[in-house]
Amino acid sequence: MPDIGPSGEMPLTLPQLDFWEEFTFHPDQPVSTVAHYIELEGDIDEPALTRAITRTIREAEILSARFRVSPDGGAPVQVCDPEFLPALIRVDLREEAEPLEVARKRMETDLAAKLDLRHDKLSAHALYRVGERNYLWYIRAHHIIVDGYGLALIEQRCAELYNHYRGKGDAGLPFHPLASFLSEEARYQESRQWNDDKAFWSDYFASAADIEVLERGDEDYGGPGYHAQVSLFPEFTRNLQATAAAVEIGWPDLLTLLCGLYLLPERPGRQMPTDNALTLWLPFMSRWGSVGAHLPALLVNILPFRMEVNRTDTLADFLKGSAAELKRQRRYSRYRIEQISQDQGLTEGSRYFFSPLINVLPFNAPAFTGCRSRRHILGSGPADGFNLTFRGEDDASNLTLCLDADPSLMSTQAFSEHEKKLPSFLSDALQPEWLTRPVGDVLGTTCSSALFDAAVQRFPM
């Protein structure tokens, strides 16, 4: 059982401690904030919507978290304090000349503000009315209390309550308390599974020669990075679904592996020069089968996946084999990367360099009865060198690809080339005839490795 103090103090989880350490190195940088807004259009019952948002905030107790540090400099603790809950701010902008732009500027200003983990409320909510039938629900939180999927849980819970208040369905179940997850996690750390997971990752890292370590003092949050967003058309979705069915793997894994093939010739970062392997960093949910499946919190885990290629294999064989290996690795994905860092002897102030990172987010937008809803992502928290993020519905519809990169890692021209060439490569690779092509031929269609040459200057050994 976790040590819970008489006033409700609870220990920080390993990922929370990691963000706390980051804050101590970069207290003046708003680098760890996640934020969404839900665009609503239609026959909206504002009192019911306000009631649903307010109740959801109250149920998601992590939104009321405050952190305390003992005067003697001991480990920080957290307490969920109802008096620290964020209030819902309601703003009517219909008299503004450009209400949508005013709302977006307000959200961007809030998102850019730094947060002091020692004193500030760590989440905010606002409901902007921007038209007679149009609302924007803004939700922002520091990553130390919630991840992107946690925000999606909050959105879905709010929609469930709103629909209930409109006479559509029951109220459903409230979120699990944070203490129940901490108790479950304590049991896991005393289990056989924990030992099996530890042994797996010990063996994994023993043969991982190309995993980079980053010193926190070397992180550069001084300016904006490169960002691009590409919409993928319905034809792309149809081909993605067809190819996934042909090789009998999930479409998120298919996208991940194809992106890995695209990146293999690029030598991102300072990974060891090999023609046939590349370490990718992938988020793992670490929620299924636990109370975390219905708990907004910081639970996502980021782990390495070493993608190995036999160039004479067909693309279909590569995809099937790699997907099977990825499925096997998921059995051990509850073991935290922060624990692995400790096991591997990483010193305080250092961490693994999560690049390249590929994140596929197949989450449906929340469904509010009587209106159309659309989720917009404003911030996803800190990111390392080169990141590819796919967002869409769980059937792969409405897919978008976001590319993010550190300017010290590549030039503007190189990033622009990726923006154009990656979607083109993916579209080509989803053609049926490509499945019988040797992987070596597929790799020959990707970009020049010179695009990442600047990385050796940014991240010295």
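Every number here is computed from the coordinates shown, using simple stated rules; none is lab data. Fair warning: this is a prediction, and the values are worked out from it, not measured in the lab. As a convention, Cβ positions derive from the backbone with ideal geometry for all residues, glycine included, and neighbour counts pool all protein chains shown.
If the Kirkwood radius is taken over C-alpha pairs of the range 332-385, then at 37 °C and 0.692 mPa s the Stokes-Einstein diffusion coefficient equals 217 µm²/s.
As I understand it, the value is the acute angle between the Cα axis of helix 315-330 and the longest principal axis of the Cα atoms of the chain; what does it come to in degrees, rounded to 10? Computed tilt is about 50 degrees. In degrees, nearest 10, range 0 to 90: what is the angle between the Cα axis of helix 234-247 and the longest Cα principal axis of the chain? Long axis of 234-247 versus the principal axis of the chain: about 60 degrees. If only the Cβ of Lys and Arg carry +1 and only the Cβ of Asp and Glu carry -1, the dipole of the range 10-179 around its Cα centre is close to 320 debye. Our note on the geometry: Cα centres of the range 33-112 and the range 362-394, 17 Å apart.
Note on the chain: Kirkwood radius taken over Cα pairs, Stokes-Einstein applied at 10 °C and 1.306 mPa s, translational D equal to 68 µm² s⁻¹.
Taking amide H positions as modeled 1.01 Å from N, with prolines and chain starts lacking one, no residue 5 or more places away or on another chain lies under 5 Å from residue 133. Other residues with beta-carbon under 12 Å from the beta-carbon of residue 285 carry, at +1 per Lys or Arg and -1 per Asp or Glu, a net charge of +2.
Each of 113, 128, 262 was placed along the dipole of the chain (beta-carbon charges, centred on the mean Cα), and the one lying farthest toward the positive end is 128. As I understand it, the dipole of the range 213-458 uses +1 on the Cβ of Lys and Arg and -1 on the Cβ of Asp and Glu, about the Cα centre. Which of 390, 300, 342 lies farthest toward its positive end? Among 390, 300, 342, the one farthest towards the positive end of the dipole of the range 213-458 is 300. Listed by chain and number, the aspartates and glutamates whose C-alpha is less than 17 Å from the C-alpha of residue 421, apart from same-chain residues fewer than 8 away, are 266, 404, 441.
In straight-distance terms, cross-link reach from residue 327 covers every one of the lysines whose alpha-carbon lies under 22 Å from its own, apart from those fewer than eight places away in the same chain; here that gives 198. Ranking of 194, 251 by neighbouring Cβ atoms within 10 Å, starting from the fewest: 194, 251. Short-range pairs are left out: with C-alpha atoms under 8 Å and at least six residues apart, the relative contact order of the chain is 22 percent.
For a distance above 18 Å, tell me the whole-number percent of Cα pairs in the range 336-423 that qualify. When all Cα pairs of the range 336-423 are counted, 60 percent exceed 18 Å.
Under a model in which nothing but the beta-carbon of Lys, Arg (+1) and Asp, Glu (-1) is charged, the range 213-458 shows a dipole of about 640 debye around its Cα centre. Taking the alpha-carbon distance from residue 420 and a cut-off under 30 Å, which lysines remain once sequence neighbours fewer than 8 residues away in the same chain are dropped? Straight-distance partners of residue 420: 105, 320.
Tell me which residues come under 5 Å, amide H to amide H, from residue 297 once H is placed; ignore anything under 5 positions away on its chain. Close amide H contacts, sequence-distant or interchain: 147, 150. For the chain, the residue among 16, 149, 373 whose Cα projects farthest onto the positive side of the dipole built from Cβ charges is 373. In a simple Cβ point-charge model (Lys, Arg +1; Asp, Glu -1; nothing else charged), the chain has a dipole of about 760 debye relative to its Cα centre.
Loop-located trypsin sites (Lys or Arg not before Pro) in the range 126-202 (DSSP state other than H, G, I, E, B) with a sparse environment of at most 14 neighbouring Cβ atoms within 10 Å: 133, 168. Would you mind counting up the charge near residue 246? Only other residues with Cβ under 15 Å from its Cβ, with Lys and Arg at +1 and Asp and Glu at -1. Residues close to residue 246 contribute a combined charge of -1. Seen against the Cα atoms of the chain and their longest principal axis, helix 192-206 is set at about 40 degrees.
Close amide-amide hydrogen proximity is noted between residue 279 and 307, each under 5 Å apart and 5 or more residues distant or on a separate chain (H modeled in the peptide plane; Pro and chain starts excluded).
What is the sum of charges, Lys and Arg at +1 and Asp and Glu at -1, for the other residues whose Cβ falls under 14 Å from the Cβ of residue 308?
Result for the neighbourhood of residue 308: -1.
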